[in-house]
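Structure record follows, encoded as C-alpha cells.
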Amino acid sequence: MSIMNDLLETPAVVVDWDAVLANLRRTADRARRAGVKLRPHTKTHKSVVIAQEQIRSGAHGITVAKLGEAEVMADGGIEDILVAFPIVGKAKLERLGKLMQRARITVSTDDYDVARGLSDLGETLRRRVPLYVDVNSGLNRCGREPGQETGEMIEQLITLPGVEVVGLMTHAGHAYGGHSDDDIRRIAVGEAESLLLTKGWLKRHKGIEIAEISVGSTPTATFVEALPGVTEIRPGAYVFGDVSQIVTGTVTAADCALRVYATVVSTPRPGTAIIDAGSKTLTNDVNGFRKGYGLLPAYPDVIVERLSEEHGILRLPDGVSLKVGDVVELIPNHCCTVVNLHDRLLLARGGRIESQLTVDARGKIQ
C-alpha cells in the first residue's frame, strides 16, 4: 500500500479498507466451507464499524476481552457477544447484568467460584447466564487441563442454578511460535482435540452434552476445514495482519491492511536513520523469528533496532540510504497493540486517504 498524499502527517497509522474487506471475506468464506460459526475477536480493531462489517460478511457474533469492549459494541448495535475473560467482583457483575438486558451475552470461566458469582447474578435476573468453559490447549494461560480435570469441574458447574454451560473454548496463542504450516496445523489439531477430548469424557462418564466447541487464534483458524467437531472459530488479528502472522506464513505482506508511516528526522551516523515513530506508535512487542520492531516492505533488510517513546532507530544495511524527509512504510509486529495506542486510524482506498476510523473501544481495559 502506497499512500499518494504529500500532506500526510506522520507518524500515521493507515488502514487499507480494500485489504480489510478482502481479509474479512477470506475468513468468512473459510468458515462457511467448514460449516462452522465465525465469532471474530474485536480486541484487534476495537471499532464498531469493522465489527458491523464482520457481521455483514458472515460472522454470527463477536468476541471481546473485557466488559468495556462489550458495552461499546452493544452501544453500536452488536447483539451477540462472547466476553472471553473471567468476570470477577461485584462491580463487574452489576455491569454484566445491565449489559445482558440489551444484548445476548455469553461469558467464560475456568473456575467454580467465578461461576458461582455468575449464577447468583443469573438468579437475580431470573435467567441462566450462558457459559463457555475455558480449557488449556498448550498456551498455559487460563483453562484447566482437558479431559477429566475440566470435566469434573463442569460437573460441579452444572449444579449451579443460575448458569448454563453451553460450550468449551480454548485459545492456542502458542501457534504464533510455529515455524511452518505443519507446526501450526499440529497445534490447530491439538487445540481442537483438547476440547473434543473433554466433550467426549463428559458424554461418556457423566452423560453431559456440550453444544459448542470454540477455538481461537488467527493462525489455527486457517486450518478449520481440517478440524471436524469444531463448531466455532474466534480469530482476531486476521482483520489487519502483522509481522507475527507473516513470519508464520499465515499471511503475506500484501495481505496486511494496517501500515505505519513515519518520517526520517535524523541521519546522525552512517548506517543509522531515526524516524518519528517510537514505542508510543509501534509498541515494544517483539517477534521471536525476526529482529526488530516492525518490517519495512520496501527495505526488508532494514532493522527497526531500538525504540524510545518517540524515536525509532533504524539500522541500515550496506546499499540502503535514507535521507531526512523520506517517508517510510512499516508493518508492525503486533497490530492489536498498535491500534490500542491510537484514538483514530486513517482509512485509505486506492492509495488515498478518505476518512478516519475511530478506535471506539480504545483503552477499555475494565
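The values are calculated or read from the model by the stated rules, or taken from the named source; none is laboratory data. None of the values given here were measured: they were computed from a predicted structure. Here the Cβ positions follow ideal geometry from the backbone for every residue, glycine too, while neighbour counts run over all protein chains shown. All accessible areas refer to the heavy atoms of the entire protein, side chains included, with ligands and DNA or RNA removed. Shrake-Rupley method; radii C 1.70, N 1.55, O 1.52, S 1.80 Å.
Basic side chains Lys and Arg get +1 at the Cβ, acidic Asp and Glu get -1 at the Cβ, and with that the dipole of the chain about its Cα centre reaches some 600 debye. You can think of it this way: the chain between residue 289 and residue 22 has 93.5 nm of extra reach, that is 0.36 nm per residue less the Cα-Cα gap.
Assuming R0 = 30 Å, what is the FRET efficiency of residue 29 and residue 79, from their Cβ-Cβ distance, to the nearest 0.05? Given R0 = 30 Å and the Cβ-Cβ separation, E is 0.85. The simple Förster model, with R0 at 41 Å and r as the Cβ-Cβ distance, assigns residue 145 and residue 311 a FRET efficiency of 0.35. DSSP beta bridges fully contained in the chain are about 45 percent antiparallel. Hey, if you put +1 on the Cβ of every Lys and Arg and -1 on every Asp and Glu Cβ in region 1-130, which of 119, 28, 86 ends up farthest toward the positive end of that dipole? Positive-most Cα among the choices belongs to 119. Using R₀ = 22 Å, calculate the FRET efficiency as 1/(1 + (r/R₀)^6) where r is the Cβ-Cβ separation of residue 156 and residue 60; round to 0.05. Taking R0 as 22 Å, the efficiency between residue 156 and residue 60 is 0.15. Subtracting the Cα-Cα distance of residue 354 and residue 189 from their residue separation scaled by 0.36 nm leaves 55.2 nm. Note on the chain: dipole from Cβ charges, positive end direction compared against 319, 142, 178; the farthest Cα belongs to 142.
Would you kindly give the portion of the calculated P(r) for region 1-85 that falls above 22 Å, as a percent of all Cα pairs? Across region 1-85, Cα pairs with separations above 22 Å total 36 percent.
Per-atom-type breakdown for the chain gives carbon and sulfur 47% of the accessible area (1.4 Å probe, protein chains only).
Around the amide H of residue 272, modelled in the peptide plane, lie the amide H atoms of 316, all under 5 Å away and 5 or more residues distant in sequence or on another chain. You can think of it this way: the chain between residue 280 and residue 126 has 50.9 nm of extra reach, that is 0.36 nm per residue less the Cα-Cα gap. Placing unit charges on each Cβ (+1 for Lys and Arg, -1 for Asp and Glu) gives the chain a dipole about its Cα centre, and among 263, 60, 332 the Cα reaching farthest toward its positive end belongs to 60. For the cross-link pairs 92/199; 66/98; 37/90, the ones whose C-alpha atoms lie over 22 Å apart are 92/199; 37/90.
Summed over the residues of region 43-92 and divided among them, the accessible surface reaches 35 Å² per residue at a probe radius of 1.4 Å.
Solvent exposure of residue 98, expressed as accessible area, is near 150 Å², computed with a probe of 1.4 Å over the protein chains only. Annotation: per residue accessible area for region 133-259 equals 37 Å², rounded to a whole number [probe 1.4 Å, protein chains only]. Sorting 213, 365 by accessible area puts them as 365, 213; the probe is 1.4 Å, largest comes first, and only protein heavy atoms count.
Rounded to the nearest 20 debye, the dipole magnitude of region 277-322 is 80 debye, with +1 charges on Lys and Arg beta carbons, -1 on Asp and Glu beta carbons, and the Cα centre as origin.
Computed over the alpha-carbon atoms, region 120-256 gives an Rg to Rh ratio of 1.05, Rh here being the Kirkwood radius from the mean inverse distance.
Hull volume per residue, based on the alpha-carbon atoms of the chain and their convex hull, is 127 Å³. How far is the Cα center of region 23-61 from the Cα center of region 78-133, in Å? Centre-to-centre (Cα) distance: 23 Å.
Between amide H atoms placed 1.01 Å from N, distances below 5 Å from residue 257 occur with 241, all of them 5 or more places distant or on a separate chain.
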